[in-house]
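J.: Can you keep this structure in mind? I'll have questions shortly.
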Amino acid sequence: MTQEFHISVTPVGDRDYLVRTERVEPGVPLAEEQVTWPVGRWLHQARSLMQDPLIQMLQLDDATSPDDHLDFSDHPFTDLGDPLDSRSDRGERDPLANRASRSAQDLVSLGKELFSALFCDSLRDSWMMAQAIAQHRQEPLRLRLGIKGEPLNRLPWEVLHDLDQPLATGTNILFSRYRPSSLYGPRPTALAAHEPLRILMVIATPIDQTELALRQETRELLAELQHSTTTMQISLLEHPDRHTLTQALEHGNYQIFHYAGHSISGQYGGAVSLVNEKTGLTEMLSGEDLAGLLANNGIRLAVFNSCRGAHRDPETAVSGASNLAEASIDRRIPAVLAMAERIPDDVALSLTRLFYRNLSQGVAIDLSLSRARQGLISSFGSRQLYWALPVFYLHPEFDGHLIATPHDATS
């Protein structure tokens, strides 16, 4: 069992927002506050911080490919610490390490500021009561955040910090987003314990794009599933075109769709890269078209382990879904996991392994992700921001269990 705490944020002016509890447990008071937030400053700070680790990686890698090139011309390095200098004595001073440390500190500061802004006055009182009840019952507390409109959705709410604790990396607080403006379908039902959980894993690297370590990702996932305490079946679909992918989804009866490859954000829900059967070149599939395929074939969890699957382009965000995650939510996929920014291969591999290690043990999706975030911190260090890249949307009535728990069977 878990406790629920749902918050919505609605714009009511240029800088004014209505923050209110939408669902709380018995004994927890409802709350509502109208607030004024410096969203423009937060966005500027967040844009710098969320890109910084990957910029460091590219600076250390002389073999950066043109396809993955980032434009640094307008990046505010001065906000992140001292700029790189030409001194050769690196034993005395390491600019990259200094910048990483400064970025981590700034990320914590931003997370604390977002937390204080969200949980102000009566919202804070309600949140503290909800935590107290959940702790007394020794149950996790699900914090579900529903954001209406732009530009709030572009903020990295995953970095919320209560004191020095990032909420999204714990096991007592389970963090997810939902879209209040979306018409969610009925609450998905969990599979019976004896039913197999079927995963379609799609890997796609066209010959005209940068090669990714997709085969390694597949091997690691298969190795994890061999130790599963639940019945999980994985089907691997390598380098499909649109027709092949459609056929696989229509005939496979899958519950999980996992895509590993290249993706972009933009109009029509962004797009994923598939592979033309005849030429081996890129064949694009829009996020909206892909989401329709997933919805029509009963997918309950969509995982986009690719770059910018949850990235929001301010120029296209006002015209509908601007990324894979939003397109999927709009088509009523109950659970969607995607990346806010570019994600390095080794981070994507670790996230896959850690996430499915927990999911294969019957752990709820949001708790599996929380543990995976903590694992990324353990693997890459707290100074790196990789743990904040995954963005997770969950149906507001879905408890995240894909397979029925003993409690479900007896209730």
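The values are calculated or read from the model by the stated rules, or taken from the named source; none is laboratory data. Only a predicted model underlies this, so the values are computations on that prediction, with no experimental measurement involved. For neighbour counting, all protein chains shown are included, and Cβ atoms are generated from backbone atoms with ideal geometry for every residue, glycine included. Just so you know, the surface numbers come from the protein's heavy atoms only, side chains and all, with ligands and any DNA or RNA stripped out. Shrake-Rupley method; radii C 1.70, N 1.55, O 1.52, S 1.80 Å.
J.: Which one of these does Leu237 not meet: (1) in a loop (DSSP other than H, G, I, E, B); (2) in contact (Cβ under 8 Å) with a residue 12 or more places away in the chain?
T.: Checking Leu237 against (1) in a loop (DSSP other than H, G, I, E, B); (2) in contact (Cβ under 8 Å) with a residue 12 or more places away in the chain, the one that fails is (1).
J.: Let me ask you something else. Could you tell me which residue of the stretch 191-228 is least open to solvent (accessible area, probe 1.4 Å), considering only residues that are of a type in the set (D, E, K, R) and in a helix (DSSP H, G or I)?
T.: Restricting attention to the stretch 191-228, the residues satisfying the condition of being of a type in the set (D, E, K, R) are 195, 198, 208, 211, 215, 217, 219-220, 224.
Cutting the leftovers down to in a helix (DSSP H, G or I) gives us 215, 217, 219-220, 224.
Numbers: Arg215: 143, Glu217: 7, Arg219: 152, Glu220: 47, Glu224: 28 Å².
It comes out as Glu217.
J.: Let me ask something else. Given (1) open to solvent by 10 Å² or more (accessible area, probe 1.4 Å); (2) without any contact (Cβ under 8 Å) to a residue 60 or more places away in the chain, identify the lone condition not met by Leu376.
T.: For Leu376, the failing item is (1).
J.: Scan Gln255, Gln247 and give me the residue that is among the polar types (S, T, N, Q) and free of Cβ contacts under 8 Å to residues at least 60 places away in the same chain. Let's see the steps before the verdict.
T.: Working: Gln255 fails: free of Cβ contacts under 8 Å to residues at least 60 places away in the same chain.
On inspection, the qualifying residue turns out to be Gln247.
J.: Moving to a separate point now. With the requirement that a residue be under 20 Å from the mean Cα position of the chain (by Cα) and in a helix (DSSP H, G or I), what does the stretch 268-291 give you? Reasoning before the result, please.
T.: We begin by selecting, within the stretch 268-291, every residue under 20 Å from the mean Cα position of the chain (by Cα); these are 268-273, 286-288, 290-291.
Correct list: Tyr268, Gly269, Gly287, Glu288, Leu290, Ala291.
J.: OK, next. Read through the list (1) open to solvent by less than 80 Å² (accessible area, probe 1.4 Å); (2) modelled with pLDDT of 90 or more, then give the number of the only condition that Ser101 fails.
T.: (2)
J.: What number of residues within the stretch 343-400 are in a helix (DSSP H, G or I) and not acidic (Asp, Glu)? Break it down into steps so the answer makes sense when it comes.
T.: Restricting attention to the stretch 343-400, the residues satisfying the condition of being in a helix (DSSP H, G or I) are 345-359, 365-380, 386-388.
From the residues that got through so far, the ones that are not acidic (Asp, Glu) too are 347-359, 365, 367-380, 386-388.
So the answer is 31.
J.: Return the residues of the stretch 323-341 that are of a type in the set (A, V, I, L, M, F, W, C) and either at pLDDT 95 or above or open to solvent by less than 10 Å² (accessible area, probe 1.4 Å) (or both); say none if nothing qualifies.
T.: Residues of the stretch 323-341 of a type in the set (A, V, I, L, M, F, W, C): 324-325, 327, 329, 333, 335-340.
Hits for the stretch 323-341 are Leu324, Ala325, Ala327, Ile329, Ile333, Ala335, Val336, Leu337, Ala338, Met339.
J.: Looking at the stretch 131-145, is at least one residue open to solvent by less than 20 Å² (accessible area, probe 1.4 Å), among the basic types (Lys, Arg) and within 20 Å of Glu397 (Cα to Cα)? Steps first, answer last, please.
T.: Of the residues in the stretch 131-145, the ones open to solvent by less than 20 Å² (accessible area, probe 1.4 Å) are 134, 141-145.
Right, trim to among the basic types (Lys, Arg) and you get 142, 144.
Now narrow it down to the ones that are within 20 Å of Glu397 (Cα to Cα): 142, 144.
Yes; the residues of the stretch 131-145 include at least one that is open to solvent by less than 20 Å² (accessible area, probe 1.4 Å), among the basic types (Lys, Arg) and within 20 Å of Glu397 (Cα to Cα).
J.: Mind checking whether some residue in the stretch 314-322 is crowded, with 24+ Cβ neighbours inside 10 Å and either at pLDDT below 90 or not polar (S, T, N, Q) (or both)?
T.: Initially, the stretch 314-322 is screened for residues crowded, with 24+ Cβ neighbours inside 10 Å, giving 321-322.
Keeping just the survivors that are either at pLDDT below 90 or not polar (S, T, N, Q) (or both) gives 321-322.
Yes: one or more hits.
J.: Of all residues in the stretch 164-197 being closer than 21 Å to Leu324 by Cα and of a type in the set (Lys, Arg), which is modelled with the highest pLDDT? Please lay out each step first, then the result.
T.: Restricting attention to the stretch 164-197, the residues satisfying the condition of being closer than 21 Å to Leu324 by Cα are 175-185, 188.
Then keep just the ones that are of a type in the set (Lys, Arg); that gives 177, 179.
Working: Arg177: 96, Arg179: 86.
Restricting to residues being closer than 21 Å to Leu324 by Cα and of a type in the set (Lys, Arg), the top hit is Arg177.
J.: Can you say whether Ala260 is modelled with pLDDT under 95, open to solvent by less than 10 Å² (accessible area, probe 1.4 Å) and more than 25 Å from Ala46 (Cα to Cα), as far as the supplied structure shows?
T.: Details: modelled with pLDDT under 95: yes; open to solvent by less than 10 Å² (accessible area, probe 1.4 Å): yes; more than 25 Å from Ala46 (Cα to Cα): yes.
Here the answer is yes, as Ala260 does meet what is asked.
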